[in-house]
1. As a quick test, which of the pairs Lys34/Lys387; Lys203/Lys374; Lys45/Lys410; Lys203/Lys379; Lys204/Lys315; Lys323/Lys379 have an alpha carbon distance above 32 angstrom in this structure?
2. What does DSSP give for the chain in terms of the percent of beta bridges that are antiparallel, rounded to the nearest 5?
3. What are the residues whose amide H is under 5 Å from the amide H of Ser108, where those residues sit 5 or more places off or on another chain and H is modelled from the backbone?
4. If you take every DSSP beta bridge fully contained in the stretch 59-150, what fraction is antiparallel? Give it as a percent rounded to 5.
5. Please express the shape of the stretch 142-183 as an equivalent ellipsoid: the semi-axes are the square roots of 5 times the eigenvalues of the C-alpha gyration tensor, given largest first in whole angstrom.
6. Quickly rank 319-327, 42-50 as a protection proxy: mean count of other C-beta atoms within 10 Å, highest first.
7. Quick check: residue separation of Asp422 and Thr299 times 0.36 nm, minus the Cα distance between them. What number comes out in nm?
8. Output the relative contact order of the stretch 279-450, whole-number percent, from Cα pairs under 8 angstrom with separation of 6+ residues.
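We did not get these values from a lab; they are worked out from the coordinates using the rules stated. Being a predicted model, the structure only gives us computed values, none of them experimental. When we count neighbours, we look across all protein chains shown, and the Cβ atoms used for this are built from the backbone with ideal geometry, even at glycine.
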Amino acid sequence: MRTISAQEITDTVARLCIEANTRLPQDVQAALDKARQEEPWPLAKNTLDLLWSNLSAAREENLPICQDTGMACVFVELGTDVHIDGSFEAAIHEGVRRGYTDGYLRKSIVADPLRRGNTGDNTPAAITVHLVDGEGCRITVAPKGFGSENMSRIQMLKPADGVEGFKKFVLDTVKLAGSNPCPPIVLGIGVGGSFDKVAYLAKKALLRPLDVPNPDPYYAQLEQELLAAINELGIGPQGFGGRTTCLGLAIEQMPTHVAGLPCDPPRQRGAVRRGELMEYRLTTPCTVQDLAPLRAGDTVLLSGVVYTARDQAHKRMTEALDKGETLPFDLEGSAIYYVGPTPERPGEVIGSAGPTTSGRMDAMSPRLLDLGNKIMIGKGKRDDAVKAAVVRNGAVYLAALGGAGALMAKSVQTLEVIAWPDLGCEAVRRLTVKDMPLTVILDAHGGDLYQSGPAAYLESR
């Protein structure tokens, strides 16, 4: 019998929380580098190069790779001949608490799904324990950002759907997600088991290195076929079009009931104009005239004042408008960045500061646009009401590079919390930025890069 102290568990989990958020695994780095070399679409290749630059920025600035440092998913393989001296679960939670505090990682966990309220320390962790023979204890920490988690799907397929129905469901899930999970993605797929087990299988699949195929030759071949089919969709990096939609995928399978075929593919880690795309320099506040030359696919270096506001800040602004109250900042000509940065280290202006999924703001954005907001900055698709509001107000929707929080942070020169500090990472901040690199997604003329970019890439092949 081997005895492991609770303190050892805590120390290990704390270290892994920091490492998982600041260092990309070698297998994923290798896949990303290979994609950079092979990507034929210029906008896609440039995007992959920026993602590579983000890894360097994270190392140089000691910042998380992405601002969404996720829910701490802790997987444990615990030997049956191991005795834990102390509370096992409490030790894991304390490790998460310490890792997220000492590592200046963003605390994103709310105490209740409906009543909300941030726990302030990213606990509790989501713990999965698998008993194995022997005296070992293997701990894996996999922080799960919700830009990708929200794109997960479970489908209880019918047995008659077979492998073709399975493949269709996977491809449909990727197409439905589009740009939201910050492609290029790594895809974990579970098949079999039960409703609850198949979700576990999908998460487990993400733990397998990209260069290790499924040990069953049938599923190894299926992994290759699905990877090729996904990259044929043309979604490309960030949804801008291109060959590189998925860096790799893994399937985990288990026996299931004769009447079922559970399938769950959650994912991890995420009109181009004919002729030359343009790069513009803009300084806020911006007018209709400033934004009129921009077209979907153009790049922008943005300077000036940018305000941060995510879900809860938008909700409070909407409530304030309903009551006839003054907003925390002047909307006229404003730029709003959908970001919740990680805590800044001593002496630093800001932590990692990449975008969140913009669709969660769709219900509230048209009202702000009609009142003068001119620039929205985020990632992912917007609904028809937002698109219409962009056109009628001569506004734009710009994409920051999803998953590149360290790189985006380098553009921020000053930061001041100006409203609702109780919201933590979702408080409204006034940023001054210099040459923030952005891409035009929605222009004032009805252009949508998420539609036209992949279409142009597919047409060019």
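1. On the way: Lys34/Lys387 35 Å; Lys203/Lys374 39 Å; Lys45/Lys410 21 Å; Lys203/Lys379 24 Å; Lys204/Lys315 36 Å; Lys323/Lys379 30 Å.
Over 32 Å Cα-Cα: Lys34/Lys387; Lys203/Lys374; Lys204/Lys315.
2. Numbers: 36 of 71 bridges.
Expressed as a percentage, antiparallel bridges in the chain total about 50.
3. Asn122
4. On the way: 9 of 16 bridges.
So the antiparallel bridges in the stretch 59-150 amount to around 55 percent.
5. Details: eigenvalues 111, 27, 10 Å².
Each semi-axis is √(5λ); the values are 24, 12, 7 Å.
6. Numbers: 319-327: 10.9, 42-50: 20.6.
Top of the packing list down: 42-50, 319-327.
7. Result: 40.8 nm gained on full extension.
8. Numbers: 427 pairs, mean separation 53.4, N = 172.
About 31 percent, as a whole number.
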